[in-house]
Structure formats: C-alpha cells, structure tokens
1. Roughly how many debye, to the nearest 20, is the charge dipole of the chain about its Cα centre, given +1 on each Lys and Arg Cβ, -1 on each Asp and Glu Cβ, and no other charges?
2. Restricting to lysine pairs 8 or more places apart or on different chains, what number in the chain have Cα atoms under 20 Å apart?
3. In what sequence do 353, 243, 257 fall when counting other Cβ within 10 Å, fewest first?
4. Mean-square fluctuation check for the chain, GNM, Cα pairs under 10 Å: which of 321, 76, 189 is largest?
5. With unit charges on the beta carbons (Lys and Arg positive, Asp and Glu negative) and the dipole taken about the Cα centre of region 269-347, which residue among 278, 302, 319 sits farthest to the positive side?
6. With +1 on each Lys and Arg Cβ and -1 on each Asp and Glu Cβ, how big is the dipole of region 288-353 about its Cα centre, in debye rounded to the nearest 20?
7. Starting from the exponent 0.38 and prefactor 2.2 Å, build the expected Rg for region 250-333 from its residue count and divide its actual Cα Rg by it.
8. Normalised by the residues of region 268-395, what does the relative contact order come to in percent, with Cα pairs under 8 Å and at least six apart?
Amino acid sequence: MLRFLTAGESHGPSLSVIVEGLPSGLEITSEAIADELARRRLGYGRGPRMRFERDVVRLIGGVRHGRTLGSPVAVEILNSEWPKWEQEMSAAPGVPTTKLTKPRPGHADLAGMQKYAFDDARDVLERASARETAARVVAGSLAKALIAAIGIDIVSHVVRIGSATSSGERPGRDDLGAVDASEVRCFDELAGAAMISEIKAAAKVGDSLGGVAEVIAYGVPVGLGSYVHWDRKLDGLLAGALMSIQAVKAVEIGDGMAQAAQRGSDAHDAIYVDSDFAAGGGYARRSDRAGGLEGGVSSGAPIIAKVAMKPLATLNRPVLETVDVKTGESTVSFKERTDVTAVPALGVVAEAMTALVLASEALRKFGGDSLEEFTRNHASFVAHLNSTSSSARPA
C-alpha cells in the first residue's frame, strides 16, 4: 500500500510531503515534479502570482541518483513569499500583528476556531487553504510515475464552470496536452470560451465561481479494490479521496446520478468478448455507465469520476454576512487574497488523488519491493487472466 502525509501552512516557509510504500527503482526528478506542479498553477481566473511563479522543489529523502530507494520519499516545496510572512508566521514564541476575527462563511474559519479554541482565523486558514493541494500534487506525481509503469494513464478536464458546460466529449489518454492548452482546461473549445465569459462576468462584480472537473483513468487492470470489505471498495476509496479536496462538495462515479432515474435495462454495461482487451482480461463492456467499477472492483474499463467544487469562499467584495467573534457584532467577512475560480486546478488535484488511490491498490494487488518485481507481478497476473479467460470461451 501507499501512504502519504503533508505538512505546512499556506504562508509558511514550505510545504512538505512524505510518501511511503514506493518500490525501489522508480525514476524521479525534481524537474518532473515541478512540471506537474506548474499544471496546477495555471488556468483562467487564477491570480497573477499563480501565473508567473514556479514552485521550487527539493527532494530531501528516499531518492538517490534519480531513482527511489524503497524508503519513504520526502519532498519540500519552498514558498517564494516566505520573507514577507516570516514575522507573521514565525514558529518562535510571539504574537501576531493582526488577528482575523471575522470568519468567512463557507470556509473552515469558524468551525476550526471553535474546534481548536483559536481566537484568530489565520490559525485555521493557513492549513485549510487549498495551497496544501500542492503537496498532494507532488505525491500524485510519484504515484502517476508508478502506475504508468503498468500502463495506467490519468487525464482530467473541466466540464462545467458556473452555468457554462461542455458537450460531454471526453479526452482520450493521449489528449492531456490538448486539455492543458485550454485556458480553462476544457476539451470543448466552444464551451471553454463560454466558461471564460462566465469568469470575466463574475470577476467584474467581485464574485467567485465553482464548477465540475472529470477525471478519467485509462488502462486500469481488472481486479483492483474489493467487494469483500466495505473499506476496500475502490469506488469508496476514490470518492473519499476526491471529496477530501478543498471546496469539493460532490463526487459522481460514472453515470451515477443519471442511473438513479433509469430502469435497470438501460443502466448497465453489456459484456462481450474482446481478445485484444488485456485490461479486462479479454472481456469488455459495450458502454461505461458504471465508470469502470462494479461491486467496488475495477472492471478494466476506464474509471470515470466527476468532482464538483463550490464557489470559493473568499470574495473580492465584502458581501458575505458574518459575526466578529471578538465583539459579537454582525459584520462582513474579511478578504484574503483569492481567485475568481480554481476549477481548472481542481482537475489536476483530482488526477493526483486518483493516482494515489490506484497506486496504493495496485501495490496491494501486485506487491513488489522493486519496480521490476512490481511490473513483473502485474504482467504475470494479466497473462494468467487472459489465459484462463481464453480457456473459458467457446471454440
């Protein structure tokens, strides 16, 4: 299995992540990780800082001469703005220059202040900030490298921002570059233009927008996950991981919501023999309404999940009613630096979380202390699966 742990605050000196469970021999470079982080920073509606800065990455453990050692991998993402925040965010004993006492509705501010007995919302927002997802993207980049070795590719695209929606055409496994070339990471060019118009309109009045990103995992072999135990069902693991992303309020696997209104004769994916379809052990589906998951187990079809993000809780105009926790008086929430929307970045983070779940389950299924052993075990499983499937088919 794969485990990861992130640490750090939004305006602290750095974010860090430790990933445990990677086999030895996996090729890793700080440049490749930084490239993946750069994808998270782009997208129409992000602030200027996000567009011109590049994250500085340090590999500080678990990698030697560009290859993993089998020990935990530790990575640090330096904060280029740390000098501006060194006094306010110092770990040394002291007091803040200003306390934030007007919590933002829709953010973790008030609940976090109550939970941990804080009188300053900054003690909450620094960790609750979506900046933490940068560390997740780092972990996800390592997981992507691992599962790519067994033929799994993950693509995401934006299908909705505000009221603007895409046509529904999904990018293929080789279309990630085309998606990233879009200012809003939308595979539908016309819909992308409509999304930009929505963002401009919201920005003009100081408002924010949410939306939906779809993540697709191609080449996932049959058999990841389990129908035996509730906490090992792959759809449950994926939904939990995706729901954990900041500002995400809903996750849909396949055509889940539409299926609730359908009859069974229209809702399921017919099975047929396809001897060339190795991921499914020689069996394939006529459709993929189930999103590549049946009974908590991967079927060999592409895994598909939609992730819905609410509008950002910090607005560029003070309109959200709140209470000053210091005085008890009604007021409007404070403003922290914000974007109009973060939906384009959502897809990149969703890719990372999907990769981490799939990598963990692939390691559970195939095992291996080295990359060579891991890929050999996978190849052996696929070969055995195809041979047994072939013998069960009519001549």
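Just so you know, all these numbers are worked out from the coordinates, no wet-lab data involved. Because the structure is a prediction, the values reported are computed rather than measured. Virtual Cβ from ideal backbone geometry, glycine too; neighbours counted across all protein chains shown.
1. On the way: 44 positive and 49 negative charges, 75 e Å.
Computed about the Cα centre, the dipole is about 360 debye.
2. Going through the chain pair by pair, I get 21.
3. Values: 353 27, 243 14, 257 11.
Least to most surrounded, the residues fall as 257, 243, 353.
4. 321
5. Positive-end residue among those listed: 319.
6. Details: 7 positive and 8 negative charges, 25 e Å.
The dipole of region 288-353 has a size of about 120 debye.
7. On the way: Rg = 22.5 Å, N = 84, 2.2 N^0.38 = 11.8 Å.
Relative to the 2.2 N^0.38 Å estimate, region 250-333 comes out at 1.90.
8. Values: 118 pairs, mean separation 23.0, N = 128.
This gives 18 percent for region 268-395.
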